[in-house]
Amino acid sequence: MEISERMKSMEFSPIRKFYPYQVEAEKRGIKIYNFNIGQPDIETPKGFMERIKGYKGEVLEYLPSQGLPELLEKIKAYYKKHGMDYETRDILITNGGSEGLMAVFSSIFNEGDEVIIPEPFYTNYKIFLSYFGAKIVPIKSHAEEGYHYGDREKIEKLITGKTKAILVNSPSNPTGNVLTKEEMELILEIGREHSLYVISDEVYREFVYDDAKVSSFGVSQKGYEDNLIIIDSISKRFSACGARIGMVITKNEAVKEAVMHMLQARLSAPALEQVGACFLYELPDEYYEEVRKTYEKRRDIAYSEIIKIPDVICKKPRGSFYITIKLPVKDAEAFQMFMLKDFDYNKETIMFAPCKGFYETKGRGLREIRIAYVLNEESIKKGMEILRRGLLAYKERKEV
Ligand SMILES: Cc1ncc(COP(=O)(O)O)c(C=O)c1O
């Protein structure tokens, strides 16, 4: 018996592969600050659990495959508040944004189709796309340019007869890059001119800082309705990753129908969590602003500590809760191993995500790491101090 060729070629998630070394370090009494995973520490709004506790049904039934009608209404109102006219029939509830991505990919890609994606990108795109045999064509972005890629020439030169879609993620995981409204419109325009789907993963929508405004490709969808497909989720916005509620939003009738085939086959998204999610979409604007400010402050702390470290390359990111840093090391994975096996500062060390797995192009991203600033301010300060000291120790061992 053999597993599929497709899965044989997949590497372990760059985030999970250090787990055994984490366990070993912890056994030695080392405290580890986890900057490696995008699991927010912010409390899930209490009303979420309370709404679930108040559930009166006696049988926990399947819900309609498209989603709980009450939740669809609430999401429609949320989008309206942000200047977007989506109807409930344009919203399809999924098991997290993850299932939304898979349902969309399965709906639009044939074996051998190409999808243009700025790299570095959310690493799971690679796994999901490989199910359907779609090939990633990366738009190369660079630490030195703050991972900017919103450029017509850069994108258009990658389009071939096989290109089916452009997939973007703003605010970005892992770079924190945020597209401007003009860049979003440019990408939609390119999509329409070349008859491409534009898949916009907006799961970090509210987490924008400085002069960046909360926005969406959906705001500019007029004239591009058939091109645009939005992926959204409650995981990060409401710190509810375990609820597994996400959504696909589009006005493209054929895509909706195809996605619905998938959703009907998997029957239902989680029922109680959809009940709880109704509460989340009733939260006032102050909730979003408070969370946004929390992350902005953390971003400021992390960034100001990072730029004190000699020889790192890091432009201040304007969104999400990630910072990608180019380190003065040859191989960030080897450096992570050193931090877990051979280094501690006062019995403490850190984990981060080496960026190799966020790239499609072989050899790119080896020197980069992603820091998820999902810990409190004190831990971020300590963690970045440990990173600085770890780099010094690594350099002394001439392992750079
Ligand atoms: C860019 C991006 N898209 C989608 C997801 C999937 O999120 P979920 O399935 O929890 O909604 C994540 C999770 O980290 C992400 O970072």
Expected output for region 59-71 (first residue among the small types (Gly, Ala, Ser), partner surrounded by fewer than 19 Cβ atoms within 10 Å (Cβ to Cβ) and in a loop (DSSP other than H, G, I, E, B), Cβ below 8 Å, 6+ apart or cross-chain) is Ser65/Arg266; Ser65/Leu267; Ser65/Ser268
Just to be sure before I move on: is Glu99 closer than 30 Å to Ser65 by Cβ, within 16 Å of the ligand (Cβ to nearest atom) and touching a strand residue (DSSP E or B) at 6+ places or on another chain (Cβ under 7 Å) in the structure I sent? yes
Selected residue (only one of Phe109, Phe48 is farther than 21 Å from Leu272 by Cβ and surrounded by 15 or more Cβ atoms within 10 Å (Cβ to Cβ)): Phe109
Could you tell me which of the residues Ile323, Ile307 is surrounded by 16 or more Cβ atoms within 10 Å (Cβ to Cβ) and out of contact with any Ser or Thr (no Cβ under 6 Å at 6 or more places or on another chain)? Ile323
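Output the number of residues of region 87-139 satisfying the condition of being among the aliphatic types (A, V, I, L, M) and within 20 Å of His261 (Cβ to Cβ).
Summing the residues that are among the aliphatic types (A, V, I, L, M) and within 20 Å of His261 (Cβ to Cβ) in region 87-139 gives 10.
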Failed item, numbered, when Val219 is tested on (1) of a type in the set (A, V, I, L, M, F, W, C); (2) under 18 Å from Val115 (Cβ atoms); (3) more than 9 Å from the ligand (Cβ to nearest atom): (2)
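A quick yes/no check of all residues on (1) within 13 Å of the ligand (Cβ to nearest atom); (2) over 18 Å from Val198 (Cβ atoms); (3) touching a residue at least 12 places away in the same chain (Cβ under 8 Å):
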{"site": "Val214", "(1), (2), (3)": "no, yes, yes"}
{"site": "Asp226", "(1), (2), (3)": "no, no, yes"}
{"site": "Asp232", "(1), (2), (3)": "yes, no, yes"}
{"site": "Ala243", "(1), (2), (3)": "yes, yes, yes"}
{"site": "Lys251", "(1), (2), (3)": "no, no, yes"}
{"site": "Val259", "(1), (2), (3)": "no, no, yes"}
From the option list Glu333, Glu296, single residue qualifying as assigned to a helix (DSSP H, G or I), in contact with a helix residue (DSSP H, G or I) (Cβ under 8 Å, 6 or more places away or on another chain) and not assigned by TED's automatic domain parsing to the domain that holds Pro171 is Glu333
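The values are calculated or read from the model by the stated rules, or taken from the named source; none is laboratory data. On a predicted model such as this, the values are computed, not experimentally measured, just so you know. Virtual Cβ from ideal backbone geometry, glycine too; neighbours counted across all protein chains shown.
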